[in-house]
Amino acid sequence: MNVVLFSGGTGTPKLLQGLVQLVRQEDITIVVNTAEDMWLPHGYFSPDIDSVLYTLAGLIDEKTWYGIKEDSFLTHNQLLSLGSDEFLNIGDRDRATHILRGKLLKEGNTFEEATELIASGYGVGINVLPMSNNKVETVIVTPSGELNLHEFLVLNKAMPEVKTVYYRNIERASACKAAVKAVKKADLLIIGPSNPITSIGPIISLRNIKDVLKDRKEKTIAISPLVGSNPVSGPADKFMKALNLPSTPEGVARYYKDIISRFIIHINDKPVDIEKIGIKTYRTNIIMRSLEDKKRLADFILSTGEKNA
Ligand code: GDP
């Protein structure tokens, strides 16, 4: 069974830890959000790609779902002591990934080629694809101006009011050919429990993937990143409200309604309003703490796929 996942950098990587125990590596393709990427003085930062790669390599820092576990911060601390304004906390080994990616891009490699080379350096055999070879940037519009996601989350601690969110350059960007091909032949397409607006939104808004997704609706399932009206972590609710969606599993289902036939919500949440919009809804424990939780949720997702094969 060919399984394709759309991923951000926290919720879906947790699910991946379970999925890789159940599906052969060569049958998995992960299409990852790159709308949070940016050049930093030392290299190119691609946080969701790195979280996915570090997860698959067994290196992710599971306290933050960001960076490499037990990394050192010698360079970061040295920069601070020299008076540099370092708003991102970047570990030494994590920094090496950014340096290598920047070097590969400057040498003329595409994001896709750079990702493949870095994945192979980390011994990751699963096909990890950036959503696009073009630069797209998620922009958070606040009353005092536009912020990128890191400025919003880290510098401003997700405090400002969000007027809207948009993806800069999305209309000129296209999805990687390999991602479109994988989506076309997927037996099961999983929209992981990631932030719908900042992690999944950019992927599903790419023009050459949008139409393909509508045709693949019967094969597509999403998992709610929200339990009740709260995200398991992060500010997804704030972004959803800014886009006039209720911050509930139903709001997430409405956001995906043109591209999914099935949706998984938490055991205590109500499926009625989601079923009303024509989406078959399943209930189970969607909070992933232990590896057992992750494996069980992955198995549950696969079994809904089999029922619809
Ligand atoms: P980001 O790139 O770090 O924002 O990562 P993602 O978008 O992949 O993940 C953030 C989303 O994952 C948030 O909306 C969380 O609510 C959701 N999330 C985190 N942990 C879990 C979990 O255990 N279960 C579910 N269902 N969602 C989760």
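Throughout, read-outs are computed from the coordinates displayed, never taken from laboratory work. Predicted, not measured: the structure shown is a model, and the values here were computed from it. Neighbour counts are summed over all protein chains in view; Cβ atoms, including those assigned to glycine, are modelled from backbone coordinates with ideal geometry.
Among 221-231, 17-27, sorting by the average number of other beta carbon atoms lying within 10 angstrom of each residue, highest first, gives 221-231, 17-27. The loop-placed GluC sites (Glu not before Pro) in segment 110-174, going by DSSP, that have at most 13 neighbouring Cβ atoms within 10 Å of their Cβ come out as GLU161.
Entry note, the chain: relative contact order of 20 percent, from Cα contacts under 8 Å with a spacing of 6+ residues.
Counting each DSSP H run of 4 or more residues in the chain as -39500 (n - 2.57), what helix-only mean residue ellipticity at 222 nm follows after dividing by all residues, to the nearest 500 deg cm²/dmol?
Theoretical 222 nm ellipticity from helices: -10000 deg cm²/dmol.
For segment 136-216, the mean projected area of the C-alpha convex hull, equal to one quarter of the hull surface, is 6.0 nm².
Go through segment 17-108 and name the chymotrypsin sites (Phe, Trp or Tyr not before Pro) that are in a DSSP coil and have 13 or fewer other Cβ atoms within 10 Å of their Cβ.
PHE87
A Gaussian network model of the chain, with springs between Cα atoms under 10 Å, assigns the largest mean-square fluctuation among THR220, THR29, THR284 to THR284. Here the Kirkwood formula, the inverse mean of 1/r across different C-alpha pairs, assigns segment 212-309 a hydrodynamic radius of 13.8 Å. With coordinates expressed along the principal axes, the C-alpha atoms belonging to the chain extend over 58, 45, 39 Å, beginning with the largest.
Over the C-alpha trace of segment 120-278, radius of gyration and Dmax come out as 16.3, 47 angstrom.
If you take all other residues with their beta carbon under 12 Å from the beta carbon of MET288, and give Lys and Arg +1 and Asp and Glu -1, the sum is +2. Pairs LYS181/LYS214; LYS257/LYS294; LYS135/LYS163; LYS163/LYS238; LYS63/LYS103: which are spaced more than 20 Å apart, C-alpha to C-alpha? Over 20 Å apart, Cα to Cα: LYS257/LYS294; LYS135/LYS163; LYS63/LYS103.
Against the main long axis of the alpha-carbon atoms of the chain, helix 111-121 sits at an angle near 80°.
Backbone amide hydrogens, once placed in the peptide plane, bring ASN2 within less than 5 Å of ASP187, LEU188, excluding anything fewer than 5 places away on its chain.
Taken over the alpha carbons of segment 106-160 as equal point scatterers, the Debye sum produces base-10 log I(q)/I(0) values at 0.16, 0.25 Å⁻¹ of -0.68, -0.88. Sparsely packed loop sites in segment 143-172 (the trypsin sites (Lys or Arg not before Pro) outside DSSP H, G, I, E and B with at most 12 other Cβ atoms within 10 Å) comprise LYS157, LYS163.
Rounded if a/c is under 1.5, else prolate if a/b beats b/c, else oblate: with a ≥ b ≥ c from the C-alpha gyration tensor eigenvalues square-rooted, which is segment 66-125? Verdict is oblate for segment 66-125.
Max-minus-min Cα coordinates of segment 51-161 on each principal axis give 43, 33, 29 Å, with the largest extent listed first.
Among MET159, MET131, MET38, the largest mean-square fluctuation in a Gaussian network model of the chain, built with springs joining Cα atoms closer than 10 Å, belongs to MET159. The Cα-based radius of gyration of segment 6-116, divided by its Kirkwood radius, gives an Rg/Rh of 0.99.
Result for the chain in a Gaussian network model with C-alpha springs under 10 Å: among LEU74, LEU153, LEU188, the largest mean-square fluctuation is at LEU74.
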